[in-house]
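The values are calculated or read from the model by the stated rules, or taken from the named source; none is laboratory data. Bear in mind the structure is a predicted one, so any value in this text is a computation, not a measurement. FYI the Cβ positions are ideal-geometry reconstructions off the backbone, even for glycines, and counts take in every protein chain you see. Areas reflect the complete protein model, heavy atoms only, side chains present, ligands, DNA and RNA absent. Shrake-Rupley method; radii C 1.70, N 1.55, O 1.52, S 1.80 Å.
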Amino acid sequence: MEVSEQAAIALRQLRERLCSRTLAHSLLQFSSDNNFSKLKFHISSSISAACSKVLLLRGDKGSGKSAVVELVLKDLKAEHPDFFSVVTLYGLLHSDDDISALEEIARQLCVGHKFSFSKTVSLDENKEFLMDMLKEYGLARKTVVFVLDEFHLFTQGKQWLLYTLFDAMETFTSQSIIIIGLSCLEGSEQQLEKRVRSRFSSCTLLFGPPSEEDRRILLEQLLYLQKDPSLASKYVVEFNSRLDKIFSDKKFKEILSYVTCADGSTNHLLRFLFAASSYMDMESGFLSLQSFDSAYSLMKRQPKFASLHDLSVLELYILVCMHRLQCKEETSYNFNSVMKEYKAIQDAHKTSDNYSHAVCLRAFEHLLDRELISFTDTKGRNDSIKFRPVKLLVSSRELDSSLKANSSCPTILQKLIDHESYM
């Protein structure tokens, strides 16, 4: 078999792994301090004790919350095939009104039990059906799991669905009703109404970026070729040997550091490795250091860099202030919080960049228009943008690069982004 043919087979294998929704997270399920085993333990213990439980999974987008839930529920379904049902709702689709949420719950329960489902039934009929089904689950000692993706969106508005589910957990005490909420925002449970919060008690699992050891495992398991009858043994050995040399190269370690600094999530690492596979030399049949370097250069070309290019000094101040608030681990902040940070800088350094409140508000609005910052309360329940919580949409590396590229950037801003003391 020619080298190019073997390279095509190897590339197909690599891309199948890198495009798998759950493979990367399954490779880490037995690593130390992994959320797979923690989540499975919580659900298993709840099933065994026939008690209800609320689990909140919190982490940045791409950190693996959905994938881990999928893996755990797949395992548990295999262990308890006849005593386990799952209903999945998505905040973007089902948090706006009670009718769509209850209709989707009824549809999934009907599909799972091979009942006929009708879209013409009323809200009250769907609610009655849900209560009847939960009662039947209790009599049969069965468990039902409700997965609420984008949980923070369900905490906005009237929260009728959450109230109904939490109330059911208190009513049907002889069975296991498990609610798993997935969110990328902190403090979403603080938005619960009093009537809902009184019924709410949860355990939180935090999803962070993979450790250095976990990244090493992912690189080896995802990129090393396995013995395959369609590939020559000599080719597989040489392919993996070259990867060993690349992984130990100082330049590769720097590239990997830059990639994970911009976004440490597992999904971002997978995108980087997929991009590197696109630069595989099909003539030689191997990945090279240049493959990873080219992938990094490709991923650096992001729209945010263009949006950051010609910002005013005041807009740079606002972005740096928001970055500082994040470094202080402020869980929630708004325009007024940013202005307090801005005033603290001006008071400490007596710079000439002291702008009025109205001018700062216009600059803040301009950053919103450019999508460099955004509101976290997507439904905008507050009238004034001064009080709505916001978040920064650029990484520290992107912000640092924009400050260095801006000839008008005050020196103090570069010092602040480098975490130098200014108080």
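Couple of notes before you dig in:
- Contacts under 7 angstrom Cβ, first residue in the stretch 243-262 being in contact (Cβ under 8 Å) with a residue 60 or more places away in the chain, partner open to solvent by 60 Å² or more (accessible area, probe 1.4 Å) and in a helix (DSSP H, G or I), 6 or more apart: C261/R397; A262/R397
- Single match in S284, S307, S294, S288 (criterion: loosely packed, with under 14 Cβ neighbours inside 10 Å and polar (S, T, N, Q)): S284
- The one condition in (1) under 30 Å from E341 (Cα atoms); (2) assigned to a loop (DSSP other than H, G, I, E, B) that E283 fails to fulfil: (1)
- The stretch 256-306, residues that are among the aliphatic types (A, V, I, L, M), at pLDDT below 85 and over 27 Å from S66 (Cβ atoms): A306
- Residue selected from the stretch 95-126 under the condition hydroxyl-bearing (S, T, Y) and closer than 26 Å to Q156 by Cα, by the criterion surrounded by the most Cβ atoms within 10 Å (Cβ to Cβ): S95
- Annotation: L28 fulfils all but one of (1) modelled with pLDDT of 85 or more; (2) touching a helix residue (DSSP H, G or I) at 6+ places or on another chain (Cβ under 6 Å); the unmet one is (1).
- Selection from the stretch 7-21 of residues that are touching an Asp or Glu at 6+ places or on another chain (Cβ under 8 Å) and either outside any helix (DSSP H, G or I) or open to solvent by 40 Å² or more (accessible area, probe 1.4 Å) (or both): R21
- Every residue from the stretch 166-189 that is open to solvent by less than 10 Å² (accessible area, probe 1.4 Å), within 28 Å of the chain's Cα centre (by Cα) and at pLDDT below 85: F166, S176, S188
- Just one residue in the set K77, K65, K61 is touching a strand residue (DSSP E or B) at 6+ places or on another chain (Cβ under 8 Å) and surrounded by fewer than 16 Cβ atoms within 10 Å (Cβ to Cβ); that residue is K77.
- Count - residues of the stretch 93-110 that are hydrophobic (A, V, I, L, M, F, W, C) and more than 14 Å from V144 (Cβ to Cβ): 4
- Flag if R195 is under 24 Å from L28 (Cα atoms) and out of contact with any strand residue (DSSP E or B) (no Cβ under 8 Å at 6 or more places or on another chain): no
- With respect to (1) on the phi < 0 side of the Ramachandran plot; (2) crowded, with 20+ Cβ neighbours inside 10 Å, the lone exception for V3 is condition (2).
- Residue match in the stretch 348-357 (condition: more than 29 Å from the chain's Cα centre (by Cα) and among the acidic types (D, E)): yes
- Number of residues in the stretch 32-56 that are free of Cβ contacts under 8 Å to residues at least 40 places away in the same chain, more than 17 Å from the chain's Cα centre (by Cα) and either closer than 18 Å to R141 by Cα or open to solvent by less than 20 Å² (accessible area, probe 1.4 Å) (or both) equals 3.
- Test: residue in the stretch 305-325 that is part of a helix (DSSP H, G or I), of a type in the set (D, E) and touching a helix residue (DSSP H, G or I) at 6+ places or on another chain (Cβ under 7 Å): yes
- Among the residues of the stretch 350-380, the one identified as touching a residue at least 60 places away in the same chain (Cβ under 8 Å), open to solvent by less than 70 Å² (accessible area, probe 1.4 Å) and more than 23 Å from S307 (Cβ to Cβ) is T351.
- The set of residues in the stretch 75-106 that are closer than 30 Å to Q29 by Cα, acidic (D, E) and not in a helix (DSSP H, G or I) contains only D82.
Results for (1) touching a residue at least 60 places away in the same chain (Cβ under 8 Å); (2) touching a Pro at 6+ places or on another chain (Cβ under 8 Å); (3) under 17 Å from L273 (Cα atoms), shown as yes or no for each residue.
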site: E16; (1), (2), (3): no, no, yes
site: L23; (1), (2), (3): yes, no, yes
site: F30; (1), (2), (3): no, no, no
site: R58; (1), (2), (3): yes, no, no
site: S63; (1), (2), (3): yes, yes, yes
site: L73; (1), (2), (3): yes, no, no
